[in-house]
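**Student:** Got a structure for you, questions after.
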Amino acid sequence: MAKAEQKQNSTVVIEETKLDIRDVVNTTTNYGDDNGDGGGGRRNDVAMVVLRAMCMFVSTVAVVLMVTARETSMTTLYGFEFQLHAVWSLSDSLIYLVVVSSATVLYSLIQLIISGTRLMRKSPVIPTRTQAWFCFVADQIIGYAMVSGGSAALGVTNMNRTGIRHMPLPNFCKSLGFFCDHLAVSVVFALFAFLLLAASSFLDVLRLSRDR
């Protein structure tokens with residue numbers, strides 16, 4: 001009789017152990033599904049947050065360098081000495097770059113807050129297909145605006161360094177080195193922000209491809 005009870009108790013313990021193992025397996029499987037494509041989806045979410053943070057930082061640097069681009073110096077032309085006063089706000093192209101870069105900073109900050117909050121809660125950064133489409137379109141619009149602004153500002157920077165063709169204008173950057181250096185570095189950071197937005201768009205496409 002005692003042996004029969006002991007055997008029955010052992011069977012109950014084994015069955016409970018099996019149930020516990022199944023619960024653990026089911027919980028682990030559900031966690032992977034919630035994060036979308038297991039570890040790959042999680043890595044993409046982390047990469048997206050990092051890209052948003054980098055884009056915000058790079059765009060901020062581009063704005064700061066541009067708005068601090070101002071200098072007063074003297075130059076000589078045909079034996080006459082002239083005073084040069086360079087300010088970024090005197091060029092429409094540079095103003096456009098500042099506006100676009102500022103919009104990129106604001107957009108990246110909003111996306112960073114949303115993405116970072118979801119990542120800390122261990123939920124998908126882009127939970128729905130509709131939001132993935134929205135992020136993709138927004139990244140494309142902001143990205144092309146950044147590359148257009150950077151290209152326009154690059155033309156102004158090159159003109160300052162080489163002068164206007166067929167006109168005997170000097171290289172103003174020899175006298176306005178600080179101003180020209182700020183313009184050049186700001187344009188580089190603006191174009192780098194475009195590349196970061198392009199990388200974010202690629203991750204948006206990966207998110208859309210998982211729902212096909």
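The values are calculated or read from the model by the stated rules, or taken from the named source; none is laboratory data. Given the structure is predicted, the values throughout are model-derived calculations rather than measurements. FYI the Cβ positions are ideal-geometry reconstructions off the backbone, even for glycines, and counts take in every protein chain you see. Side chains included, ligands, DNA and RNA excluded: accessible areas come from the protein's heavy atoms. Shrake-Rupley method; radii C 1.70, N 1.55, O 1.52, S 1.80 Å.
**Student:** Pop a pseudo-label 7 angstrom from the Cα along the beta-carbon direction at both F178 and I113 and give the gap in nm to one decimal.
**Tutor:** For F178 paired with I113, the spin-label model returns 3.6 nm.
**Student:** Using a 1.4 angstrom probe and counting only protein chains, how large is the accessible area of L195 in Å², to 10?
**Tutor:** About 100 Å², rounded to the nearest 10.
**Student:** Moving on. Could you please put V58, V137 in sequence from largest to smallest accessible area, using a 1.4 Å probe?
**Tutor:** V137, V58
**Student:** Taking 25 Å as R0, compute the FRET efficiency from the Cβ-Cβ separation of V185 and Y144 and round it to 0.05.
**Tutor:** Working: r = 22 Å, r/R0 = 0.87.
After rounding, the FRET efficiency stands at 0.70.
**Student:** Keeping all protein chains in place and using 1.4 angstrom, which order do F178, F202, F189 fall into by accessible surface area, from largest down? Each step should come with its number before you reach the end.
**Tutor:** Numbers: F178 100, F202 125, F189 55 Å².
These residues rank, largest area first, as F202, F178, F189.
**Student:** So how much slack lies between D92 and V137, counting 0.36 nm per residue of separation and subtracting their Cα-Cα distance, in nm?
**Tutor:** Fully extending the segment from D92 to V137 adds 13.6 nm.
**Student:** Taking the Cα atoms of the stretch 101-163, report the difference between the largest and smallest coordinate on each principal axis, in whole Å and largest first.
**Tutor:** 55, 21, 13
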